Amino acid sequence: MLKTVSFITENFGKYDPKSIDSYLSIGGFTAVKRALTMSSNEIIDMAKAASIKGRGGAAYDTGRKWSQAASVPGLNKVVICNADEGEPCTFKDRAIIENDPFRLLEGMIIAGYTVGAQNGYIYLREEYSHLRPLLINAIAESKAKGFLGQNILGSGFSFEIHLYSGAGAYVCGEGSTLIESIEGKSGRPRIKPPFIKECGLFQLPTLVNNVETLAIAAAALTHGIDDYIAFGTEKSPGSKIISLAGNVKKPGTYEIPFGLTIREIIYDIGGGITDDNELKFFQLGGASGSIGPASIVDTPYTYEDLGKVGLTVGSGGVLVVDDRTRVIDFVKSIQDFFIHESCGKCTPCREGNRQILRIVDRFVDGAQNPRDLETAERFAHIMSNCAFCGLGETAQSTLLSAIKYFPEEFEVKGGKLE
Amino acid sequence: MSSVNATTFEVLNKELAAKIDTIITNNANNSTKLVGILLEVQAIVPKQYLPLEIAAYISQKMNIPLSRIYDVISFYAALSDVPRADCVIQLCDSVVCKVTGNTVLKESLQELLGIKVNEITADGKYALEPTACFGACDIAPAIRVNGRVFGHLTSKEKVKKVLDNYK
Amino acid sequence: MKNVKIIIDNKDLVVPEGTTILEAAKKVNINIPHLCYHPDQAIKANCRLCVVEVAGSKKLTPACSSFVFEGMEIRTNTKKVRDMQTGVLELILANHDQNCLQCLRNGTCELQDLCRRFNISKTNLEDTVEALPLDDTNPSLVRDSSKCVKCNRCVEACQKTQEVHVLTHSHRSVHYNITPAYEMPLEDTLCVFCGQCAAVCPTGAIVEKDETQKVWDAIYDPRKHVIVQVAPAVRVALGDSFNLPKGDIVTGKMVAALRRLGIEQVFDTNFTADLTILEEANELIKRITEGGTLPLITSCSPGWVNFIEGRYDHLLDHLSTCKSPQQMFGSLSKTYYADLIGLDPKDIFTVSIMPCTAKKYEAQRPEFEKDGVRDVDVALTTRELARMIQASGIEFTDLEEDQFDNPFGIGTGAGAIFGASGGVTEAALRTAYEVITGKGLPNLNFLQVRGLEGIKEATIDLDGLELKVAVAQGLSNAKVLLKQIQNGTSPYAFIEIMGCPGGCIGGGGQPIKSTLEVKAKRMKALYKIDADLPLRKSHKNPDIIKLYDEYLGAPLGEKSHELLHTHYHSRNKKYDFSSLKK
């Protein structure tokens, strides 16, 4: 039985992403045309009814976010498309841009129209620089056809889209940090308040949305939301693009309805574990997400069910790990990632990660000290409670969940952990 | 006090300066485009890096404090203040490539290039750098060579084939 | 502004909206621990020591960056808060060189204070001090990154207060650092050595270059005749180091202490401040009457001189050619004074006590040396003098007051106010008015140029000649006035610029914790010294009159030119790109 669906990804492979004519031939820009006939409130109500949660990882309700952005006073506002998809095991935004760049632009134009912005910025991670030409072309062609620029389709609404490049920094996925980067600075998070919705890029009211979130908005305006909310569960309606990878036979991006179990994702969609090994654990939502053991593989993939077992949808990454990998080696790899990516600004993240790395290294070598586990847990909690931004707050999710689910892997005293 | 009044440069010359001028002009001398400008400039500097003399040149041209330019260069992983190589090979060091077994890939690269990760070949031609996930997990294990992604590198033969493109 | 009701540790409190938790807590005598917070700077919230519990919030809340709201319930001392604060402090300490006994900030270190408060001596953590090499090649400042807690106060001072933009944060994660571009030593940058970074550093990561040993050596050398000059701003700040009330005037005790240290003659820089006024007021008059470059800009602040030489070298003609009072003194000490007491200049060891780290740089400029003899041998900061007094076991507060020696012992009120921003202008106007008009000045107080405002201006009627003057304190404010000159829109004939906010009373060499509040008290004290003196105009200083009569001749004369004036040069840029032009 086919378990994937096709709503957000319906255009994938259906047209030539290098050509607006090709896009128009499959009904492209229907969403923008419809949006321009609607009021801002009508669009916000629609987004609220679809219950679209932010797909970058924070899962904030998009309708609410747009409603707040629209009500912020200001003649000059900004919409930013966050295409700094940095969570390991997450590549669904790449798939959207590769396959359907025009839908993304539609989403931005709609968001701009809804909140009253004149300028949109796409912040594309450097690692996706090969997608730049595609976006540059899409923006130019859309402008040439009057979907961008002054007085779009005679509606009186004007909107420009600018493309900015990242330069390799995971932390720039955080809204205020991304803004610092677009302003030509190093990517270190800003103090809140002021909140970016009121004072963000160039001190202007700013809305930041993830690529997938904007694509859903465009899809919802193309078809209405009924088809969309028919997917999923009552509390998690709709569908989600997941990035499935790791020890799985068929890695890739898949659009799934909320409510499938993780088992269905791994075995039915992913074709099962590589070499038919045993599933050991999985990690959802990238490096900042927790890990879950095989024992909870029947948990439905919904916001509410995952929440109950301490997991999150996050960015939609599903990393499958089989029994060939030691938990501590996995933790070490995640720790290395955060050591590389912490911006260094605040003490808990900079120094906490540094200290925890030393302890993790000792565990890897089986040379841990008696109080190491306790110390690591203590500072992991200090990080999650006191860090400046989300990076530091979530950096130890892996370690803490690993200790919770695999305590035996941290108990071995002396000698190699095997 | 001691300071070097250097009119000789290690990498900067009239031709390179003119190219940098063009990049800055194409970006409307807009200081908010600094990150992108530095990426573009780095790509045309031999050995793909941004030494002090280049940063100082951009600082003067764009009227941005040198200290801020350095903060940006030192902050972003894709920018370097030390010489790299003609061909920068980035080995994905992320957890996905690890669990999918990038050991073969790593060892093949080290063997074929004769250097370890984080090293540069003696002739300055190849640099082997570890890098964070670049979103090619569906084709893991993967590398990026001068920005281009190659995946499914599960054997030494496949790795060699990729490197042959960059002789 | 609206008031809001809050509860801090079960205490009800009403504070204005817009107050931070940290500020509100101060009002009920709770000092929430902090390192990056500084009352005169922008909120940074990066040290995370000030976290507290706020009812309704799962995570802890940083007190320095969170604003109160109606009904807010704050707890600053719960087990969770204490555990978290202790943990953060342990993390900072683990990455800090703990050799406190060898640190200049031992006893004035904010990190040390916090460790004492939290009873932390040694942590379970592995010490991980990964530091850049020591930067001590310049004459003024020493940067030791092994003591840096990355609070960014110095970055704020360098980039925002001074707009010098030498120090920045760089790199990320465990490599995160505070450094000039490309880890250059300060000497290779356009650092002005104002020391505002050192003044706000909570630890010993940036300190003045300690030269006390050179002075001890000279004192113990029987061949050396050791004399000292003390700048006006030192006497209203030195008391801070001995726990006296802020802004106490300790002139007499300071002179007594210097004598006890073994200094043979204790002189007053106020005297050469008066001398500076005579030269500078006449220079101004000359430029006005003979059509010289205007506005004339003061040159007594060495941080400021370094700044214009580095970044606005095309405006150097505007600078007064007068040496600073420190250097006028130095020059006279090795000529006039040497003649007077019949000593070879090389046997005279001239020490100056300055509120300033840039004075060390100034004292070592190559132009301030003649025949291998330096005009000023060592410039010590107020902090270094305090350490010498402490080292000698002198009970400063119990000392009997003593007086400066002659012939450089009399300073007028005009010389005294050199230490406050606006003081040089006021002193110059008192003299210029009387010289130009030939009349007595009816009111000596030019209140428009007093105070802590960044830029002050005044228009003075000199018997029909309207003179517009401006005063800037801190280099970011100086930039505003320089840009006007650049654009040709500067309306002023005279501009006073002090490199540090508040002027010398806020200098980079003053006792630690010179907040704006403290600076205001010091300023008040200087104007009190002025008001209490019988002599308040530089040109009425009898010893100055005598000096001109017996030795110098007239202001701007030949001898003055030789001894009291100097020249400036562009500070070399690291690179000259002109060869790259097409």
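All of the numbers you see were taken from the coordinates with simple rules; none came from a lab. Remember, it's a predicted structure, so these values are computed and weren't measured experimentally. With ideal geometry, Cβ positions are generated from the backbone for all residues, glycine too; neighbour counts draw on all protein chains shown.
Points worth noting:
- Number of partner chain Cβ atoms within 10 Å, mean per residue of C:159-171: 4
- Cα-only Debye scattering, segment A:1-69: base-10 log of I(q)/I(0) at q = 0.23 Å⁻¹: -1.06
- If you take the alpha carbon atoms of chain A and fit the smallest convex hull around them, that volume is 130 Å³ per residue.
- Angstrom value of the Kirkwood radius, inverse mean 1/r, which spans all Cα pairs in segment C:319-454: 17.6
- Hull shadow area, averaged, segment B:87-164 [alpha-carbon convex hull, nm²]: 4.3
- Options A:Asn209, A:Leu75, A:Pro370, ranked by Cα towards positive dipole end of chain A, top entry (Cβ charges): A:Leu75
- Note on segment C:3-91: dipole from Cβ charges, positive end direction compared against C:Phe67, C:Ala45, C:Gly87; the farthest Cα belongs to C:Gly87.
- Three-way shape label, segment C:177-292, alpha-carbon gyration tensor, a/c 1.5: oblate
- Structure-based [θ]222 nm, chain C - -39500 (n - 2.57) summed over DSSP H runs of at least 4, per residue, nearest 500: -9000 deg cm²/dmol
- Overall form of segment C:3-91: oblate. Here a/c, set by the Cα gyration tensor axes a ≥ b ≥ c, is 1.5 or more, and a/b is not larger than b/c.
- Sorting A:75-82, C:277-284 by average packing, meaning the other beta carbons within 10 Å per residue, from highest down gives C:277-284, A:75-82.
- The fraction of Cα-Cα pairs per 5 angstrom bin, counted from 0 for segment C:124-208, comes to 3, 15, 28, 29, 16, 6, 2, 1, 0 percent, rounded to whole percents.
- Cross-link pairs exceeding 24 Å between alpha carbons, from the set C:Lys323/C:Lys540; C:Lys147/C:Lys524; C:Lys26/C:Lys79; A:Lys250/B:Lys158; A:Lys280/C:Lys58; C:Lys150/C:Lys483: C:Lys147/C:Lys524; A:Lys280/C:Lys58; C:Lys150/C:Lys483.
- Given charges at beta-carbon only (K, R positive; D, E negative), |dipole| of the protein assembly as shown in Debye: 1540
- The packing ranking, built from the mean of other Cβ atoms within 10 Å per residue, places the peptides A:366-377, A:161-172 in the order A:161-172, A:366-377, highest first.
- Across all C-alpha atoms in segment A:131-267, the radius of gyration and Dmax reach 18.8, 52 Å.
- Positive end of the dipole of chain C (Cβ unit charges, origin at the Cα centre): among C:Cys115, C:Asn77, C:Gln213, the Cα lying farthest that way belongs to C:Asn77.
- The distance from the alpha carbon centre of segment C:382-450 to that of segment A:343-418 is 59 Å, rounded to a whole number.
- Each 10 Å bin from zero holds the following percent of Cα-Cα pairs in segment C:40-93: 24, 52, 23, 2.
- Per-residue ³J(HN,Hα) for segment C:41-49, Karplus 6.51 cos²θ - 1.76 cosθ + 1.60, θ = phi - 60°, Hz, x for Gly and Pro: 10, 5, 5, 10, 6, 9, 7, 6, 7
- Comparing segment B:24-167 with the 2.2 N^0.38 Å rule of thumb, its C-alpha radius of gyration ratio is 1.16 (two decimals).
- Helix C:516-532 and the long axis of chain C differ in direction by around 30°, with both axes built from C-alpha atoms.
- Within the shell of other residues whose beta carbon sits under 9 angstrom from the beta carbon of A:Asp61, the net charge comes to +4, with Lys and Arg scored +1 and Asp and Glu -1.
- Fraction of alpha-carbon pairs over 22 Å apart in segment A:311-418 - percent: 29
- Within segment A:223-381: Cβ-based charge dipole about Cα centre, in debye rounded to nearest 20 (Lys, Arg +1; Asp, Glu -1): 640
- Normalised by the number of residues in chain A, the mean separation of alpha-carbon contacts (under 8 Å, six or more apart) gives a relative contact order of 16 percent.
- For chain C, a crude dipole built from +1 on the beta carbon of Lys and Arg and -1 on the beta carbon of Asp and Glu, taken about the Cα centre, is about 2020 debye to the nearest 20.
- Normalised contact order of chain C, rounded percent, pairs of Cα under 8 Å and 6 or more residues apart: 15
- Neighbour cut-off at most 13 other Cβ (10 Å), DSSP loop, trypsin sites (Lys or Arg not before Pro), segment B:40-115: none
- Shielding by partners, peptide A:173-185 (average Cβ within 10 angstrom, other chains): 3
- Helix-only [θ]222 nm of chain A, DSSP H runs n ≥ 4, -39500 (n - 2.57) each, per residue, nearest 500: -11500 deg cm²/dmol
- Relative intensity, log₁₀ I(q)/I(0), of segment A:20-229 from a Debye sum that treats every alpha carbon as a point, q = 0.12, 0.14, 0.19 Å⁻¹: -0.55, -0.76, -1.52
- Number of partner chain Cβ atoms within 10 Å, mean per residue of A:85-94: 5
- Take every Cα pair under 8 Å whose residues are at least 6 apart in sequence, average their separation, divide by the length of segment A:273-418, and the relative contact order is 27 percent.
- DSSP assigns beta bridges within the protein assembly as shown; of those with both partners inside it, close to 50 percent run antiparallel.
- As a rough guide to protection, the peptides C:298-307, C:142-151 ranked by mean Cβ packing within 10 Å, highest first, stand as C:298-307, C:142-151.
- 0 to 90° range, to nearest 10: angle between helix C:269-290 axis and chain C longest Cα axis: 70
- Stokes-Einstein diffusion for the protein assembly as shown at 25 °C, viscosity 0.890 mPa s, with a Kirkwood radius from C-alpha pairs, works out to 75 µm²/s.
- Using every pair of separate Cα atoms, the Kirkwood estimate puts the hydrodynamic radius of chain C at 25.1 angstrom.
- For A:Pro300, net neighbour charge (Lys/Arg +1, Asp/Glu -1) across residues whose Cβ lies under 13 Å away: 0
- Helix C:251-261 axis versus longest C-alpha principal axis of chain C: approximately 90°, rounded to the nearest ten.
- Shape call, segment B:14-75: gyration tensor on alpha carbons, a/c limit 1.5: rounded
- q = 0.17, 0.26 Å⁻¹, segment B:31-112: log10 I(q)/I(0) [Debye, one scatterer per Cα]: -0.73, -1.20
- Whole-angstrom gap from segment C:502-568 to segment C:1-55, using each part's C-alpha centre: 41
- Segment A:231-322: proportion of alpha-carbon pairs further apart than 22 angstrom, %: 15
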